[in-house]
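> Below you'll find the structure I mean.
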Amino acid sequence: MNEANGYYLEDLSVGMSASYAKTITDADVVLFAGVSGDMNPVHLDADYANASMFKGRIAHGMLTASVISAVLGTKLPGPGCIYLSQNLKFKAPVRIGDTVKARVTVTAIDEARGRITVATLCTVGDTVVIDGEAQIMVPRRPVSQAAE
């Protein structure tokens, strides 16, 4: 692990995984709307959302997906990594009060380019709400530490 408690590229192996869980609150949804500018009434207006196919307010898909970023930036690979790309498939809505669990699993390591591929999965209970894959740049161990 590096000084900021993240993994160096050399410390990673295919199959490693980590997760993080967050309960989505009304404040999260309202604040995300303000930060992102996404004021879609399905997220903010109960009357509108109740009349929608969702039968109630739902969290922004990208708010839910941001829980993946929490895993990558704090746990695996952790501080120092750079998010390069992410594809997402939104499978089910997330409602206020739901606890989203994001899990990332290393599926490939590109030593030459200093990158890893991770499978990304978000669930609420047993329901998959987001499925995807990300590419991450990971710091290498400094040469001065390689011999330690």
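> Given a Förster distance of 25 angstrom, what is the FRET efficiency for Asp26 paired with Met137, based on the Cβ-Cβ distance and rounded to 0.05?
Using R0 = 25 Å, I get an efficiency of 0.10.
> Another question about this same structure. Helix 61-74 against the longest principal axis of the chain: what's the angle in degrees, Cα atoms only, rounded to the nearest 10?
With both axes taken from Cα atoms, the answer is about 20 degrees.
> Using helices alone, I'd like the mean residue ellipticity at 222 nm for the chain: each DSSP H run of four-plus residues gives -39500 (n - 2.57), total over residue count, nearest 500.
Mean residue ellipticity at 222 nm (helix-derived): -6500 deg cm²/dmol.
> So how far, in whole Å, is the C-alpha centre of region 1-44 from the one of region 79-146?
10 Å
> Could the peptides 58-67, 8-17 be put in order, highest first, of the mean number of other beta-carbon atoms found within 10 Å of their residues?
58-67, 8-17
> For Met62 and Thr74 in one chain, what is 0.36 nm times their gap in residues minus the Cα-Cα distance, to one decimal in nm?
2.5 nm
> If R0 is 25 Å, what FRET efficiency do you get for Glu111 and Ser85 from their C-beta distance, rounded to 0.05?
So, using R0 = 25 Å, E works out to roughly 0.85.
> Per residue of region 93-108, in order, report the coupling 6.51 cos²θ - 1.76 cosθ + 1.60 (Karplus, θ = phi - 60°) as ³J(HN,Hα) in whole Hz, putting x for Gly and Pro.
x, 10, 9, 4, x, 6, 9, 8, 10, 9, 10, 10, 9, 5, 10, 7
> Give me the Debye-computed log₁₀ of I(q)/I(0) at q = 0.08, 0.10, 0.16 Å⁻¹ for the chain, equal point scatterers on Cα only, no solvent, two decimals.
-0.27, -0.40, -0.84
> Quote the FRET efficiency, to the nearest 0.05, computed for Ser36 versus Ala119 with a Förster distance R0 of 30 Å and r equal to the Cβ-Cβ distance.
0.75
> Which angle from 0 to 90°, rounded to the nearest 10, does the C-alpha axis of helix 26-36 make with the longest principal axis of the chain?
70 degrees
> Which one of Ser19, Cys122, Ser36 has its Cα pushed farthest toward the positive end of the charge dipole of the chain, where Lys and Arg give +1 and Asp and Glu give -1 at the Cβ?
Sorting the options by dipole projection puts first Cys122.
Just so you know, all these numbers are worked out from the coordinates, no wet-lab data involved. Since the structure is predicted, the reported quantities are computational estimates derived from the model, not experimental observations. Positions of Cβ are backbone-derived with ideal geometry, glycine not excepted, and every protein chain shown enters the neighbour counts.
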